[in-house]
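Enquirer: Supplied in structure tokens, the structure appears directly below.
The values are calculated or read from the model by the stated rules, or taken from the named source; none is laboratory data. All figures in this text were calculated on a predicted structure; none of them were measured in a lab. All Cβ positions, even for glycine, are placed from backbone atoms using ideal geometry, and neighbour counts span all protein chains on display.
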Amino acid sequence: MKVLIIGSGGREHALAWKIAQSPRVDRVFVAPGNAGTASEAENVDISPTDFARLIKFVKQNDVRLTVVGPEQPLVAGIVDAFAAEKLRIFGPSKAAAELEGSKSFCKNVLRQADVPTADYHVFRDHDSAATYLAEREDRPIVVKADGLAAGKGVFVCQNRDDALEAVRRIARDKEFGAAGNHIVIEDRLDGEEASVMAITDGRTIVTLPPAQDHKRAGDGDTGPNTGGMGAYSPAPRVTPELLATIEERMLVPTVHAMKRNRRPFRGVLYAGVMLTNQGPRVLEYNARFGDPECQAILMRLKSDLVDLLEAAVDGQLDRLERVEWSPDPAVCVVMASRGYPGNYERGLPIRGLEIAASVPGVKVFHAGTTTRQGQVVTDGGRVLGVTASGASISAAKLQAYTAVKAIRWDGAWCRKDISDRALEA
Ligand code: AMP
Ligand code: GLY
């Protein structure tokens, strides 16, 4: 059968690579894809939010399954648009994707489902939020724009003045546009973060092995926030007991609450979890695979991903055979452009990809790349996700960095300590 993947990042390259391995799949398309997906599959030059053209393409090419990578098309209702045409698509409906698209909606569901999370309040305007801040005790707090803001709408504040500034930027300056129409203010939690994802058909869940990403730009988890500079799986801090708790006390009650709310959640339910001294707390839900967690996790998947995705789409996860995972850990190191997460240049030729690909256990997933006159060039801030599996986390790390060293372009950089947190655990 033919499969279409929507998106253009490292996550989508990993999905294309894994889906192309399915004996049941003979053609994989990626819209719009990158230079890496072009070598694994066929790129289609259609934007992820141009639903009409995507639907036309799927019908003309007899695509039997569409898999959505990023959150924007989900929150904009791509799954509803496909379903209206009776086309099979993996991902949550617009109503269910609100779990990621609206932080206040997410918090309400968490409260309803009695899932441990930070205490919070929601405000509709600048003044009510500012009054609340003025009246409460001056301690660390987190201020969030309610809607999608490409990861930039969250302010982790040390004190009241920082929080007031964040409220101003969201509600008065409207830095995030309509995403700032509501403001969520919550207690700051301390601990280490982990990513726990599950694939669900709205009733049954299949929990994936835990992962951790490195969100900060600098070594030792310092510097500005990014889309993620690397990831690894498994995450030793998430012990099997802790994973069972997260599944039973967080993921399952959330899936049930969504069903009760008549917004059944089908797709990837991704819990960003803070491991506090008082136990795990959900920081947020995402409605899709994490990037770069997906790259590390899919390196470890032994079963056919298409079986898993189709069972979720068809509401038959309860009938699926056990999903098999390699015990070997995987580490993904992101190579980025000079200037990222700020401004950066595009179009720089990348060298050494073949040598990197020949390092044992390594797969180089492309993120921000394109092809110009037969040459792979940079086309984004996060350019590559160099991913390796090995007999241990440190073995996987070594292989990944061996491959990284072979790759060059002007201004290429990466963190040097991806997965060290796992080694400390
Ligand atoms: P979110 O998009 O809600 O996950 O927030 C993005 C990042 O902000 C998270 O990955 C955390 O690093 C941080 N964050 C969010 N909420 C909190 C909180 N209540 N306490 C501490 N850090 C938080
Ligand atoms: N790695 C974080 C995310 O995908 O949101």
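Enquirer: Among the residues in region 243-259, are any away from ligand 2 (no atom under 16 Å from the Cβ), at pLDDT below 95 and not in a strand (DSSP E or B)?
Expert: no
Enquirer: Hey, another quick one. Among the residues that make up region 215-223, is at least one of them of a type in the set (Lys, Arg), under 30 Å from Gln316 (Cβ atoms) and surrounded by fewer than 18 Cβ atoms within 10 Å (Cβ to Cβ)? Walk me through it before giving the result.
Expert: So in region 215-223, the residues of a type in the set (Lys, Arg) come out as 215-216.
So of that shortlist, the ones also under 30 Å from Gln316 (Cβ atoms) come out as none.
Looking for residues that are of a type in the set (Lys, Arg), under 30 Å from Gln316 (Cβ atoms) and surrounded by fewer than 18 Cβ atoms within 10 Å (Cβ to Cβ), one finds none in region 215-223, hence no.
Here is a yes/no grid of residues against (1) more than 25 Å from Gly267 (Cβ to Cβ); (2) assigned to a strand (DSSP E or B); (3) not charged (D, E, K, R):
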position	(1), (2), (3)
Val167	yes, no, yes
Ala179	no, no, yes
Met197	no, yes, yes
Pro224	yes, yes, yes
Tyr232	no, yes, yes
Pro236	yes, no, yes
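Enquirer: Here's something else I'd like to know. Which residue out of Gly290, Gly315, Gly272 is within 16 Å of ligand 2 (Cβ to nearest atom), assigned to a loop (DSSP other than H, G, I, E, B) and among the small types (Gly, Ala, Ser)?
Expert: One residue alone meets the criteria, Gly290.
Enquirer: Of the numbered conditions (1) within 15 Å of ligand 2 (Cβ to nearest atom); (2) in a strand (DSSP E or B); (3) farther than 22 Å from Leu148 by Cα, Pro280 satisfies every one except a single condition; which is it?
Expert: Here Pro280 clears every test but (1).
Enquirer: Going by what's in this entry, would Asp221 be described as more than 16 Å from ligand 1 (Cβ to nearest atom), outside the structural domain of Gly361 (by TED's automatic domain parsing) and touching a residue at least 40 places away in the same chain (Cβ under 8 Å)?
Expert: Details: more than 16 Å from ligand 1 (Cβ to nearest atom): no; outside the structural domain of Gly361 (by TED's automatic domain parsing): yes; touching a residue at least 40 places away in the same chain (Cβ under 8 Å): yes.
Taking the combined requirement at face value, the residue does not satisfy it.
Enquirer: Which one of these is in contact (Cβ under 8 Å) with a residue 40 or more places away in the chain and in contact with an Asp or Glu (Cβ under 6 Å, 6 or more places away or on another chain): Gly315, Gly352, Gly339?
Expert: Gly315
Residue-by-condition table, conditions (1) touching a residue at least 24 places away in the same chain (Cβ under 8 Å); (2) surrounded by 15 or more Cβ atoms within 10 Å (Cβ to Cβ); (3) part of a loop (DSSP other than H, G, I, E, B):
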| site | (1), (2), (3) |
| --- | --- |
| Ser39 | no, yes, no |
| Pro48 | yes, yes, yes |
| Val58 | yes, yes, no |
| Leu65 | yes, yes, no |
| Gln72 | yes, yes, no |
| Leu87 | yes, yes, yes |
| Asp114 | yes, no, yes |
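Enquirer: Continuing with this model, one more query. Which condition number does Ile393 fail, the rest of (1) crowded, with 18+ Cβ neighbours inside 10 Å; (2) under 24 Å from Gly69 (Cβ atoms) being met?
Expert: Unmet condition: (2).
Enquirer: Look at Lys103 and say whether it is buried (at least 19 other Cβ atoms within 10 Å of the Cβ), within 11 Å of ligand 1 (Cβ to nearest atom), closer than 27 Å to Ala312 by Cα and outside the structural domain of Leu283 (by TED's automatic domain parsing).
Expert: It is true that Lys103 is buried (at least 19 other Cβ atoms within 10 Å of the Cβ), within 11 Å of ligand 1 (Cβ to nearest atom), closer than 27 Å to Ala312 by Cα and outside the structural domain of Leu283 (by TED's automatic domain parsing).
Enquirer: List every residue pair whose Cβ atoms lie under 9 Å apart, where the two residues are 6 or more positions apart in sequence or sit on different chains, the first residue falls within region 142-158 and is in contact (Cβ under 8 Å) with a residue 12 or more places away in the chain and within 16 Å of Arg216 (Cβ to Cβ), and the second residue, located anywhere, is within 15 Å of ligand 2 (Cβ to nearest atom) and among the aromatic types (Phe, Trp, Tyr).
Expert: Pairs found: none.
Enquirer: Scan region 153-175 and tell me whether some residue there is out of contact with any His (no Cβ under 6 Å at 6 or more places or on another chain), within 16 Å of ligand 2 (Cβ to nearest atom), more than 24 Å from Gly279 (Cα to Cα) and among the hydrophobic types (A, V, I, L, M, F, W, C).
Expert: No, because not a single residue in region 153-175 is out of contact with any His (no Cβ under 6 Å at 6 or more places or on another chain), within 16 Å of ligand 2 (Cβ to nearest atom), more than 24 Å from Gly279 (Cα to Cα) and among the hydrophobic types (A, V, I, L, M, F, W, C).
Enquirer: Please work out if Pro48 is within 16 Å of ligand 2 (Cβ to nearest atom), touching a Phe, Trp or Tyr at 6+ places or on another chain (Cβ under 6 Å), of a type outside the set (Gly, Ala, Ser) and closer than 24 Å to Leu298 by Cβ.
Expert: Answer is no for this residue.
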